[in-house]
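Worksheet: the structure to be examined is printed underneath.
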Amino acid sequence: MTHQLLRRLLAPLVGIVVFLGAWELLVRTQHVRPFVLRAPSRIVHYLGQQAGDYTGAAWVTIQHAMIGTAFALLVALLIGSAMAASSFFEHAAQPVLTLLQVTPFVAYIASVVLWLGSGTKPAVFIVALVCMPAFTFATVDGMRGADPAARELLASVDATRWEVLWRLRLPSAMPSLFTTARYNVGLALIAAYLVEGGNFANEGLGAIGKRAAAFNKGDALWAAVFSMALLGTISLVLISVAQRLVMHWHVSQRRQLR
Amino acid sequence: MSRIVLRDLTKSFGELPVVDPLSLSVQAGEFVSIIGPSGCGKTTLVRVIAGLEPATSGDVEVDGAPPRHARANKRVAMVPQQPGLLPWRTVRANARLLLDVNRAANPTDAVAPEALLDEVGLSGFLDRFPHELSGGMQQRVALVRALALHAPLLVMDEPFAALDEITRAEMRVLLNRLVEGKHVTVLFVTHSIAEAVALSDRVLVSSPRPASIIADIAIDLHRPRPTDVEDHPRFVELCANVRHALHRGMAL
Ligand SMILES: Nc1ncnc2c1ncn2[C@@H]1O[C@H](COP(=O)(O)OP(=O)(O)O)[C@@H](O)[C@H]1O
Ligand SMILES: [Mg+2]
């Protein structure tokens, strides 16, 4: 188990090192101009010099993304449970959720900032808003997929709705929620980044990126992009570990023939 | 005393009649099997008795009350065809599942699931998860989960149908051992003749859909049933009786 876990942590590292190596090689051998693409070594060097600024900003961004995701999950579980319980509610909520999902949130960042003010609030709000629909659909699917034999069994002893939700439906939604979490990580980080760039609070990687772009500071911009990628990767690894621990009973987590 | 009384029960799904007027009475402590061809309405009948599906017409009494009372008071313990174990619960926790919900209705004399798990040979697997068990072991957990309720009525819907022949034979012996002398009433649905005869005091033969009882065969093999009961000439004879009744039903 621990050996497997180590391998699981190691594999993404290997993937990243290979990717960065290829990137470095491309920039060096093809003499790509720095404003088109910078070599990772140069980005890392710059990041090293500005470490304080970037770790501070990354911490802000990760908080926005995480708190927003937590809210999204909470709301999704509530709405999703209601949708799984009532088909009327499901049909009523579905188009609204889809609408939320397909509207480019960049379009309403300014409005939300005007409404909620600068800083953490609009970032968390938009992250929660864009992550919520996918979590909701995952909740509904997972709950609907709960083992019918187990449902009958609980019904046969008059388990309350609550007990069925808690003992059967929620755990049944776990696999689809984890799958969605992987997809939502990227969305949450990008949403946090764009809102940070679109308000006046001047915190977070998004603010650094925005300023760098405005003043044509390539090193600063690439360092922000690089930090974002790093945050995304770390989050994905953490989700994998959590999934491994929480969902060890699920087929997806077992050793499989390839 | 009668545990189950059905009077002119019918059940249809829309236009489809699934149970024809059917009357039946099962005495406390009796082991009664219902045998019939696939799709004849056995599961539907069992679900009506367990209060999971309303009857279309007629009367259903379980313990002298409508099935919903029995259900609310946890007086009926079900063993479904699929074990229905929760994959995130250990064997021990799965065996407790029916005790963990609607606790207000738990009997004061509920049996500790661990003792029962020991009795069915699973004491070494208490902290394992369902995917680590064989099909037979999973079904034994499902059996314990039902027995732990200490309900006076045990309803089993083809619980061994998904198992291989060797394991099924083992399960018959095990089930006889578990319920004999325990004053529990069992309604057992099956499409296996040997299973019905080996386990039951009475075998009810159902016609093809819509289900109605076309033969009621008393199984006069003595109890406790010896483990080699299936070698006895009387066993073979009773199996033939059941088979003939089934064939007559198919020919109708
Ligand atoms: N919920 C339902 N809605 C409509 N038809 C059903 C339903 N449940 C069972 N049936 C039909 O009732 C018939 C008997 O089914 P079932 O009771 O499962 O048979 P058995 O258990 O004897 O194989 C089948 O034709 C099946 O299609
Ligand atoms: Mg059936």
Discussion item. List the lysines whose Cα sits under 25 Å from the Cα of A:LYS210, skipping any in the same chain fewer than 8 residues away.
Written reply: A:LYS121
Worksheet item: Taking only the alpha-carbon positions of chain A and ignoring solvent, what does the Debye formula give for the base-10 log of I(q)/I(0) at q = 0.09 Å⁻¹?
Response: -0.52
Response to the item:
Given unit charges at Cβ for Lys, Arg (+) and Asp, Glu (-), the dipole magnitude of the stretch A:33-256 about its Cα centre in debye, nearest 20, is 580 debye
Worksheet item: Using modelled amide H (1.01 Å from N, peptide plane; none on Pro or chain starts), what sits under 5 Å from the amide H of B:ILE34, excluding residues fewer than 5 places away?
Response: B:PHE188, B:VAL189, B:THR190, B:LEU204
Worksheet item: For labels at B:ARG103 and B:ARG7 in the simple 7 Å Cα→Cβ model, what's the distance in nm?
Response: 4.0 nm
Item to complete: With unit charges on the beta carbon (Lys/Arg positive, Asp/Glu negative), name the residue among B:ALA110, B:GLN139, B:SER123 whose Cα is farthest towards the positive pole of the charge dipole of the stretch B:83-150.
Response: B:GLN139
Worksheet item: For q = 0.10, 0.11, 0.16 Å⁻¹, what log10 I(q)/I(0) does chain B give under the Debye formula with an equal point scatterer on each alpha carbon and no solvent?
Response: -0.47, -0.58, -1.23
Worksheet entry | FRET E, pair B:ALA218, A:ARG182, Förster distance 45 Å, beta-carbon r, rounded to 0.05 | 0.15
Discussion item. Given Cα positions, please report Rg to Rh for the protein assembly as shown, the hydrodynamic radius being the Kirkwood one.
Written reply: 1.14
Worksheet item: When the helix-only estimate is applied to chain B (DSSP H runs of n ≥ 4, each -39,500 (n - 2.57), divided by the residue count), what is the mean residue ellipticity at 222 nm, nearest 500 deg cm²/dmol?
Response: -10000 deg cm²/dmol
Worksheet, complete the sentence: At R0 = 35 Å the Cβ-Cβ FRET efficiency linking B:ALA93 and B:GLU165, nearest 0.05, sits at 0.70
Worksheet item: Helix A:120-144 versus the longest principal axis of chain A: what is the Cα-based angle in degrees, 0 to 90, to the nearest 10?
Response: 40 degrees
Worksheet item: Got a sec? Charge dipole of the stretch B:133-252, +1 on Cβ for Lys and Arg, -1 for Asp and Glu; which of B:LEU187, B:ALA162, B:LEU175 is way out at the positive end?
Response: B:LEU187
Item to complete: Calculate the all-directions average of the projected area of the stretch B:83-150's alpha-carbon convex hull, and give it in nm².
Response: 4.1 nm²
Practice prompt. Describe numerically, in nm with one decimal, the distance between label points set 7 Å from Cα along Cα→Cβ at A:ARG33 and at B:ALA115.
Written response: 8.5 nm
Worksheet, complete the sentence: One would report the antiparallel percent of DSSP beta bridges in the protein assembly as shown, rounded to the nearest 5, as 50 percent
Discussion item. Restricting to DSSP H runs of at least four residues, report the calculated mean residue ellipticity at 222 nm for chain A, -39500 (n - 2.57) per run over all residues, nearest 500 deg cm²/dmol.
Written reply: -27000 deg cm²/dmol
Worksheet item: Once the Cα atoms of helix A:40-49 and of chain A are each reduced to a long axis, what angle between those two axes, in degrees from 0 to 90 to the nearest 10, is obtained?
Response: 90 degrees
Fill in: On Cα atoms only, tilt of A:87-102 relative to the major axis of chain A in degrees
10 degrees
Item to complete: Over all alpha-carbon pairs of the stretch B:128-197, lay out the pair-distance distribution in 10 Å bins, whole %, shortest bin first.
Response: 18, 56, 25, 2
Discussion item. Please compute the average number of Cβ atoms from other chains found within 10 Å of each residue's Cβ in peptide B:92-105.
Written reply: 3
Response to the item:
In the neighbourhood of B:LEU52 defined by beta carbon distances under 9 Å, the net charge of the other residues (Lys, Arg +1; Asp, Glu -1) is 0
Worksheet item: Once phi is turned into ³J(HN,Hα) by the Karplus curve 6.51 cos²θ - 1.76 cosθ + 1.60 with θ = phi - 60°, what whole-Hz value does each residue of the stretch A:152-160 show in order, with x for glycine and proline?
Response: 4, 4, 5, 5, 5, 10, 6, 4, 6
Discussion item. Given contacts defined as C-alpha pairs under 8 Å and at least six residues apart, what's the relative contact order of chain B, whole-number percent?
Written reply: 26 percent
Worksheet item: Which value in Å is the Kirkwood Rh of the stretch B:1-131 over different Cα pairs?
Response: 16.8 Å
Practice prompt. Multiply the residue gap between A:LEU230 and A:SER111 by 0.36 nm, knock off their C-alpha separation, and tell me the result in nm, one decimal place.
Written response: 39.9 nm
Item to complete: Under 9 Å from the Cβ of A:VAL27, count the other residues' Cβ atoms, weight Lys and Arg +1, Asp and Glu -1, and hand me the total.
Response: +2
Discussion item. Once you keep just the Cα pairs under 8 angstrom separated by 6 or more residues, what percentage relative contact order results for chain A?
Written reply: 24 percent
Discussion item. Give the lysines whose C-alpha is closer than 21 Å to that of A:LYS217, dropping any in the same chain fewer than 8 places away, or say none.
Written reply: none
Discussion item. Around B:LEU98, under 10 Å between beta carbons, what's the net of Lys plus Arg minus Asp minus Glu among the other residues?
Written reply: +2
Response to the item:
Taking a straight Cα-to-Cα line shorter than 30 Å from B:LYS42, and setting aside same-chain lysines fewer than 8 residues away, one finds B:LYS11, B:LYS74, B:LYS182
Item to complete: Assign unit charges at the C-beta atoms only (+1 for Lys and Arg, -1 for Asp and Glu), then state the dipole size of the stretch A:201-258 relative to its Cα centre in Debye, rounded to the nearest 20.
Response: 340 debye
Fill in: Cα pair distances exceeding 20 angstrom across the stretch A:75-165, given as percent
49 percent
Worksheet entry | Amide H within-cut-off set for B:GLN27, under 5 Å, with H built and near neighbours excluded | B:ARG3
Discussion item. Rounded to the nearest 20 debye, what is the charge dipole size of the protein assembly as shown about its Cα centre when +1 sits on each Lys and Arg Cβ and -1 on each Asp and Glu Cβ?
Written reply: 1780 debye
Worksheet item: What FRET efficiency would be calculated for the residue pair B:ARG243, B:GLN27, taking the C-beta separation as r and a Förster radius of 25 Å, to the nearest 0.05?
Response: 0.45
Discussion item. How large is the Rg to Rh ratio of the stretch B:56-98 when both quantities use alpha carbon positions and Rh follows Kirkwood?
Written reply: 1.13
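None of the figures in this text is laboratory data; all of them are computed from the coordinates on show. Model, not experiment: these values are computed from the prediction. Because the Cβ atoms are built from the backbone with ideal geometry, glycine has one as well, and the counts that use them run over all protein chains shown.
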